[in-house]
Amino acid sequence: MDAASDAELVERCRAGDDVAWAALVDRYARYVHAILTRVYRLGQHDAEDVFQEVFARIFERLDTLRDTDALRPWIAQTARNCAVDALRRSGREVPVDEVPEGADDGLARLDEALTVHAALDRLSPECHEILDRFFCRDESYRTIGAELGLPAGTIASRIARCLSRLRDVLDPGAGRARGRKSAPSTSGMQVEERR
């Protein structure tokens, strides 16, 4: 199910596929929660209520989505509208033009993070693991090497190769433009790209 595109999930949801609906909610649950708590700073209780409201609206109005490839921005807008409604109901009156400071920047960062997370899921399990450990968990080369049974000196070249593959997933045309000759490693050395 993870390999299904947003457009495929939407079409399957419209056809009444409960498994597709569960996958859609699972795919966007963290994103919606982050919008509500980090961007709009709703308290945990309010965020839980608004979270339910967001997905109820999405479920009810999925047939109104004209461009199935625009699911993520549509979900973000739905979450934004529900969050602003909740702020108004709570007495924290927020004019639509004056959403919390940095809300648009926060949404852009969340969109970027979701894009990178989806790209990581398209990498090999080995690349996903090593990039997650280094960048997300902030583990040292030594820790990663010990956990994966690799010499610490090998970690830099593996990270460089995996970052190159991640770039290719994020921007498929960039690999051809670079000529796929080499990618800079995190240690500053050049690493030959081998597949």
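Just so it is clear, none of the values below were taken in a lab; they were calculated from the coordinates. Quantities reported herein were computed from a predicted structural model and do not represent experimental measurements. Methodologically, a virtual Cβ is constructed for each residue, glycine included, from the backbone with ideal geometry; neighbour enumeration extends over all protein chains shown.
So which GluC sites (Glu not before Pro) in segment 1-97 pass both tests, a DSSP loop state and at most 10 other Cβ atoms within 10 Å of the Cβ?
Details: sites: 8, 11, 48, 53, 60, 93; in loops: 93.
Here the GluC sites (Glu not before Pro) that fit, given the DSSP loop and packing criteria, are 93.
How much net charge surrounds residue 151 when only other residues with a Cβ under 11 Å from its Cβ are counted (Lys, Arg +1; Asp, Glu -1)?
Details: positive: 142, 158; negative: none.
Within the 11 Å Cβ shell, the charges total +2.
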Range of Cα positions in segment 6-106 per principal axis (Å), largest first: 39, 25, 19
